[in-house]
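Have a look at the structure below before the remarks.
The values are calculated or read from the model by the stated rules, or taken from the named source; none is laboratory data. Only a predicted model underlies this, so the values are computations on that prediction, with no experimental measurement involved. Don't worry about glycine lacking a Cβ; one is built from the backbone with ideal geometry, like all the others, and counts go over all protein chains shown. Each accessible area value is taken on the protein alone, full model and side chains, heavy atoms only, with ligands, DNA and RNA left out. Shrake-Rupley method; radii C 1.70, N 1.55, O 1.52, S 1.80 Å.
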Amino acid sequence: MIKEQIDFYKNEIRKISLACGRNPRDIRLMMVTKTIDADRILEALSTGETLIGENKVQELKEKDDKLKGVDVERHLIGHLQTNKVKDAIKYVTCIQSIDRFSVAKELQKKLRTRGQKMDVLIQVNSSGESSKYGLKPEEVEGFVKQMYEYDQLRVKGLMTIGPLTGSSSKIRASFKLMKELQKKLQNMYLPEMSFDVLSMGMTNDYKIAIEEGSTLIRVGSGIFGERVTKA
Ligand SMILES: *Cc1c(COP(=O)(O)O)cnc(C)c1O
């Protein structure tokens, strides 16, 4: 069942990207495993897919033992509180949810102590919905320039959550704005930073996201089924 769903999304990536003139290899599939227990995660990883996303540090910690020795790349995709930073950096290779200086500063401090670097994405609120975390699009340029202070962090790109709406034109507008922001940052002189990763698209809007330039889609319920508890 999980395998069939993973195959479905891999095929979707191929189909949609080819139809819009993109290379399927430029789009990664992230399996979002929040609320999913370690055994089902292991089942998903047995397909050969390796990228998973969690949105809570607590869950990363709880499932860590069972994932020892398994070929897996874990990213944090949920909001990160500064008091969780110390734990978070033990489990993930990328934090996709950098949205304020206080968290960058705390990461810098804790990473430095461990002599560790961390890939990060800047989270952008591209929909304008007040319930969403993330920088306003117009704040991003100034923010990344300040990121040079935090040299344990390696900026790799941008992340966004599309608007919660049935309107595909609103979703598309939001993703287009992200693509434009990415291009703008790529054309600026920002040495040692890269903006190649554009993490956008989930179960309900991955198709539009791929068409608009996503390089990483984050699929949870589409692979594992509807979540019982809301996370
Ligand atoms: C839960 C979650 C997803 C996956 O959502 P689905 O709709 O289940 O695919 C993707 N990104 C983030 C940040 C999430 O919290």
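For the chain, the alpha carbon positions stretch 46, 42, 31 Å along the principal axes, listed from largest to smallest. Modelled spin-label separation between residue 37 and residue 141, with each label point placed 7 Å from Cα along the Cα-to-Cβ direction: 5.1 nm.
Residue 61 exposes around 90 Å² of accessible area when a 1.4 Å probe is run over every protein chain in place.
Determine, from the Cβ-Cβ distance of residue 130 and residue 82 and an R0 of 30 Å, the FRET efficiency 1/(1 + (r/R0)^6), rounded to the nearest 0.05.
Rounded to the nearest 0.05, the efficiency is 0.85.
Quick check on packing: order 49-60, 15-26, 140-151 by the mean number of other C-beta atoms within 10 Å, highest mean leading.
Details: 49-60: 20.3, 15-26: 13.2, 140-151: 15.1.
Ranking the peptides 49-60, 15-26, 140-151 by packing returns 49-60, 140-151, 15-26.
Modelled this way, with points 7 Å down the Cα-to-C-beta line, the labels at residue 189 and residue 8 are 5.0 nm from one another.
How high is the FRET efficiency between residue 228 and residue 101 when r is their beta carbon distance and R₀ equals 35 Å, given to the nearest 0.05? The formula returns an efficiency of 0.45 here.
Once you reduce region 134-160 and region 1-74 to the center of their Cα atoms, the two points are 26 Å from each other. Spin-label pair residue 116-residue 19: with each label point 7 Å from Cα along the Cα-Cβ axis, the two points sit 4.1 nm from one another. Positive-end ranking of 83, 213, 173 along the dipole of the chain, with charges on Cβ about the Cα centre, is headed by 83. Over all projection directions, the Cα-based convex hull of region 112-227 averages an area of 8.5 nm². Where only DSSP H runs of four or more residues are counted, the chain gives -11500 deg cm²/dmol as its mean residue ellipticity at 222 nm, each run worth -39500 (n - 2.57). Across the protein chains, with a 1.4 Å probe defining accessible surface, the residues 8, 195 rank 8, 195 from largest area downward. Using the Cβ-Cβ distance between residue 168 and residue 58 with R0 set to 35 Å, the FRET efficiency works out to roughly 0.50.
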